[in-house]
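Contents: one structure, followed by commentary.
The values are calculated or read from the model by the stated rules, or taken from the named source; none is laboratory data. Here the structure is a predicted model, which means the values were calculated and not measured. Methodologically, a virtual Cβ is constructed for each residue, glycine included, from the backbone with ideal geometry; neighbour enumeration extends over all protein chains shown. Quick note on the areas: whole protein, heavy atoms, side chains included, nothing else; ligands and nucleic acids left out. Shrake-Rupley method; radii C 1.70, N 1.55, O 1.52, S 1.80 Å.
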Amino acid sequence: MTEPIEDMPKAYQPADIEAKWYRTWEDGGYFKPKIDPAKKPFTLMMPPPNITGQLHMGHAMYTIQDVLTRFHRLAGDPTLWLPGTDHASIATEVKVLEALREEGLTKENLGREGFLKRAWEWRDEYGGRIVKQLRRLGASCDWSRERFTMDEGLSEAVAEVFCRLYEKGLIYRGDRIIQWCPECMTSLSDIEVEYEEQSSHLWHVRYPGVEGQDVVVATTRPETMLGDTAVAVNPNDPRYADLVGKHVRLPILDRIIPVVADEYVDASFGTGAVKITPAHDPNDFEVAKRHGLEILRVMNYDGVMNELAGPYAGKSASETRRLVAAELERLGLLVKVEPYTHNVGVCYRCGRTVEPITSLQWFVTMKPLAEPAIEAVRSGATRFAPERFAQVYYNWMENIRDWCISRQLWWGHRIPAYYCDDCGTMSVARIKPSKCPSCGSVELRQDEDVLDTWFSSALWPFSTLGWPKDTPDLRYFYPTSVLVTGYDIIFFWVARMIFSGIEQMGETPFHTVMIHGLVRDAQGRKMSKSAGNGIDPLDVIERFGADALRWALVSGVSPGNDLRYSNEKTEAARNFANKLWNAARFVKMNLGGTPGGIGGCELDLADKWILTLCQRTVRDAERHYRDFDLALAAQSLYDFTWNAFCDWTIELSKPALFGGDELKRDKARAILAYVLDILLKLLHPIMPFITEEIYGLLPLPGKHGLLIEADWPVPDAAFDFPGEAARMEGVIEIVRAVRAIRLERGVAPGRRARLDLLPAAGWEDALEEAAPIFERLANAQGVRILTRRDDAPAQAARGVTAAAEIFIPLGELVDIDKERARIGKALAQTRQEIARGEAKLANEGFLSKAPAGLIEEERAKLEQRRAMLAALEAQAEVAG
RNA sequence: GGUCUGUUGGCUCAGUUGGUAGAGCACAUCGUUCACAUCGAUGGGGUCACUGGUUCGAGUCCAGUACAGACCACCA
């Protein structure tokens, strides 16, 4: 304890160093890739968080992206992780409206211009919040390339894509049935509707026949019968065979409507007859198209019935439902009402029940875009990790329907379509035409609607790189390497990026889609603000440090599976960080200056062991990082750090460091420095702050910082000694056995007991060499390596390992009964193992079909067990 | 209705091409000079949900069953 250690406190204090290092890295420009045409870049696009967002545990999963980014940067790839934010059309508009409401303002008061001004102000104030918070997590993205989906360039990309698709005939405007949110007053795409189970009723209503019999239909929505334009039955249903082509009378409105036959009707459900309301039900709409039925929309977009609803005009849908049911009852046409549970679609933003309704909207024709996108995954051009998510993707893509892209909102990319009020011509153009291409009128009116927010996100992998301009970034970084995201947005985003990338760039946007699970709370519930079970990552970082949180999120998780988060996990990770910190502190304290290399040192068993494990860990960590198995990388590093380096190597280095032998001391220093150096590099992708800090504190030659040097370790065959490593394992086993015996015997921990070892065949040299290890770690004194069993002390506690028989002459402490019991237990276990081995080796099938190496291993093990058995039997005899 | 996932020690979860089950936390006993009590040593604890199959050998592959969860579809 002669070295000053004022720069390393006893406990790791993350708060002090995280901000410092982040600033150093960012200011130094180390997150910016150096474009090198000779090298293949590694590119990741950050899923842009909504500007409405605050950092939550879901975003904390961006750690995965940072781990990949940092690994590849260290491995020498020009690495770009491009960050940005999403304007989140509907979500933001809702938030801004809320703010306005508090001031007593509405959209209508402000007008479009005024509203957009407010929205931009809102964005300027809150839009940067989340990206600042990402810095706290350590996200090493290239902020100089940060993008926002409504940036000028990205907006240009949106208009370009819209026009291209329109010109190809893949975007059209049509009056079709869509999902409508009466709260947000906008259309939604199919996937923006969520379904929740609601208990309701099934009303059975009699429609009197005109030329023939009456028909009873069942409905969950009596109010929509006002818009009925037919009744449908299954063509093969004998009950209604006579009725097809005839008519029934729609109650209340007394409209005569036809009975049609359509395969869509399931004869076994309800009465087998379905009322057809084309304007308010997607299936009915399809039926109407097939049969050329009239489409009557009886509800307005605010959820209020219109004049086509006759006496109910002006009333709300729910009120109308009650009134219609009551009227039917009065007319004696309500056959029965039964309780019924069914799924009701709700808006994914506001939760209000959505109305399927016909409306004039813009759509993308999906089939031609989906086909090559399916092929891209099928061919392996883009692969999913884990692969099972490809199935989810296929499922959706193969059953895809046209995408409703127009929204009746103001915040977003306005649809680049222009209408001439003079001649009625519509033109679609990248920039507003100065006059109508048809009649020359200068009175052009742009479409009022904006695009689905996901339309612009779909272009993210190339719009962020400058497209439609041909930029060096675009040429170098596209297609990207990996997209990392949660399984919840495969449809919203991943699928749309794939077909957009293929359509616009001619190439799939990423080689790999790495899908991760969702962060849940300790009980497995989804974390959410409303449920009050959310944990703020910033609080966690405050308490345990960013590295600990990062570690907790990537370790102990299998790819694609949800993760139950609890602070206990982060606490364990914090403890690991502290362990690393103190190991480094020990090394620093004892290095005494710049250490030498290990090249010229005389290495002993323990040295060769840790060096061998070190090479193995380098190989494993690299492999796991490359395979996206971050949890396995973490596990491997944890074991090596704690159970090998700290528990054994550091302990074993103490005699050399504190002893008088300079050669031994220098060697110990060299080894500690070598291993720690590699360890820091391997750990850096997951724990960037602490590793960088420690690295900076160590007096290593020629170092400038982990991030700067990007010096990823490669396995060194010169320090790989599998034979010696195995010997050391045998030694460790003996140490453990001695400790166990001592504890069991109640030997005072401070007491140094004598230790005699009778080596198993072939272990003599190793044990001779390991004598100091036993003294140090098994608290032994005067270790003797025996050559004959006869030399063993009669009065001793005994044990047997694969490498040796153990004798601890304890004199008065030897308890014959305990001795007998323990030997008996060991005997039984060894006999069992021998029996198992013998059975295996007697099995013809095993001998003829198992790999030769395995058989050899089994034989050797059996040999070893037999030797142990002999030793145990001899001990049992002594013990009586 | 369809697809997918999970079911491994008290809890949370790992388990890489099939070769006699692991970690963290918790628990028990012991331990305070010499990096770390955010620590050390040692130990107890699992018929790997169930049934059948393939195999010399199955937690691992196949089929089915049960339970839990997710997603898609939405028959009014």
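Given segment A:751-824, report the % of alpha carbon pairs whose separation exceeds 15 Å.
54
Scale the Cα Rg of chain A by the rule-of-thumb value 2.2 N^0.38 Å and send over the ratio, two decimals.
Dividing the Cα radius of gyration by 2.2 N^0.38 Å gives 1.28.
May I ask you to list the lysines whose Cα is less than 23 Å away from that of A:LYS32, ignoring any residue fewer than eight positions away on the same chain?
A:LYS20, A:LYS40, A:LYS132, A:LYS469, A:LYS681, A:LYS703
Which is the longest part of chain A that has none of the chymotrypsin sites (Phe, Trp or Tyr not before Pro) sitting in a DSSP loop with at most 14 other Cβ atoms within 10 Å?
After excluding every exposed loop site, the longest remaining stretch is A:270-880.
How much accessible surface area, in Å² rounded to 10, belongs to the heavy atoms of A:LEU872 with a 1.4 Å probe?
Roll a 1.4 Å probe over it and A:LEU872 shows about 10 Å².
What number, rounded to the nearest 500 deg cm²/dmol, is the helix-based mean residue ellipticity at 222 nm of chain A, given -39500 (n - 2.57) per DSSP H run of at least four residues and division by all its residues?
After summing the helix terms and dividing by the residues of chain A, the value is -13500 deg cm²/dmol.
Evaluate the charge dipole of chain A about its Cα centre and quote only its size in Debye, nearest 20, assuming +1 on the Cβ of each Lys and Arg and -1 on the Cβ of each Asp and Glu.
920
Please name which of A:VAL346, A:LEU862, A:CYS404 has its Cα lying farthest along the dipole of chain A towards the positive end, using unit charges on Cβ (Lys, Arg +1; Asp, Glu -1) and the Cα centre as origin.
Positive-end residue among those listed: A:LEU862.
Which value, in Å² and to the nearest 10, is the accessible area of A:HIS516 when all protein chains are kept and the probe is 1.4 Å?
Number for this one is 20 Å².
For segment A:548-553, just list the computed ³J(HN,Hα) in residue order, Karplus coefficients 6.51, -1.76 and 1.60, θ = phi - 60°, integers in Hz, with x standing in for Gly and Pro.
For segment A:548-553, the Karplus-derived couplings read 5, 4, 4, 4, 4, 7 Hz, x marking Gly and Pro.
Using the charge dipole of chain A (Lys, Arg: +1 at Cβ; Asp, Glu: -1 at Cβ; taken about the Cα centre), state which of A:MET46, A:THR277, A:GLY597 has its Cα farthest towards the positive end.
Final value for the positive-end residue is A:GLY597.
Treating only the Cβ atoms of Lys and Arg (+1) and Asp and Glu (-1) as charged, compute the dipole magnitude of segment A:390-528 about its Cα centre; round to the nearest 20 debye.
Computed about the Cα centre, the dipole is about 320 debye.
Expressed as a whole number of Å, what is the distance separating the alpha-carbon centroids of segment A:293-360 and segment A:127-178?
37
Along each of the three principal axes of the Cα atoms of segment A:81-193, give the extent in whole Å, ordering the values from largest to smallest.
Here the spans come out as 48, 44, 28 Å, largest first.
Under 5 Å between amide hydrogens, which residues at least 5 positions from A:VAL800 or on another chain qualify, with H placed 1.01 Å from N in the peptide plane?
Under 5 Å from the amide H of A:VAL800: A:ILE806.
Give the angle, between 0 and 90 degrees and rounded to the nearest 10, that separates the Cα long axis of helix A:14-27 from the longest principal axis of the Cα atoms of chain A.
Between helix and principal axis, roughly 70 degrees.
I need the GluC sites (Glu not before Pro) found in segment A:566-629, filtered to DSSP loop residues with at most 15 other beta carbons within 10 Å of theirs.
A:GLU602
Name the trypsin sites (Lys or Arg not before Pro) in segment A:708-754 that are in a loop by DSSP and that have at most 14 other C-beta atoms within 10 Å, would you?
A:ARG751, A:ARG752
Could you let me know the centre-to-centre spacing of segment A:755-790 and segment A:620-637, using Cα atoms, in angstrom?
37
Could you please put A:LEU333, A:LEU323 in sequence from largest to smallest accessible area, using a 1.4 Å probe?
Per-residue accessible area, sorted high to low, gives A:LEU323, A:LEU333.
For chain A, calculate the relative contact order in percent as a whole number, restricting contacts to Cα pairs under 8 Å that are 6 or more residues apart.
This gives 12 percent for chain A.
Quick one: accessible surface of A:SER268, probe radius 1.4 Å, all protein chains present, in square angstrom to the nearest 10.
Near enough 100 Å² of accessible area.
Which of rounded, prolate or oblate describes segment A:420-534 when judged by the alpha-carbon gyration tensor and an a/c cut-off of 1.5?
Oblate is the answer for segment A:420-534, as a/c is 1.5 or above yet b/c matches or exceeds a/b.
Considering only C-alpha atoms, what is the centroid distance from segment A:57-111 to segment A:671-716, in Å?
33
Of the options A:TRP642, A:GLY153, A:PRO386, report the single residue whose Cα projects farthest towards the positive end of the charge dipole of chain A (beta-carbon charges: Lys, Arg +1; Asp, Glu -1).
A:TRP642
Please give me, ordered by residue number, the trypsin sites (Lys or Arg not before Pro) of segment A:190-260 that lie in loop per DSSP and have at most 13 other Cβ atoms within 10 Å.
none
On the protein heavy atoms, probe 1.4 angstrom, tell me the percent of accessible surface of chain A carried by carbon and sulfur.
Result for chain A: 49 percent of the exposed heavy-atom area is carbon or sulfur.
Compute the Cα gyration tensor for segment A:108-151, then decide on rounded, prolate or oblate, letting a ≥ b ≥ c be the square roots of its eigenvalues: rounded whenever a/c is under 1.5, prolate when a/b is larger than b/c in the other cases, and oblate in all that remain.
It is prolate, given that a/c is not under 1.5 and a/b is the larger ratio.
Could you give the semi-axes, largest first, of the ellipsoid that matches segment A:509-555, computed as the square roots of 5 times the alpha carbon gyration tensor eigenvalues and rounded to whole Å?
That gives 23, 17, 10 Å for the three semi-axes.
Considering only protein heavy atoms, what per residue accessible area in square angstrom results for chain A with a 1.4 angstrom probe?
Each residue of chain A exposes 43 Å² on average to a 1.4 Å probe.
In whole Å and largest first, what semi-axes does the C-alpha gyration tensor of segment A:746-880 yield when each eigenvalue is scaled by 5 and square-rooted?
Here the semi-axes work out to 32, 18, 12 Å.
About the Cα centre of segment A:105-222, what is the dipole size in debye to 20, counting +1 per Lys and Arg Cβ and -1 per Asp and Glu Cβ, all else neutral?
It comes to approximately 380 debye.
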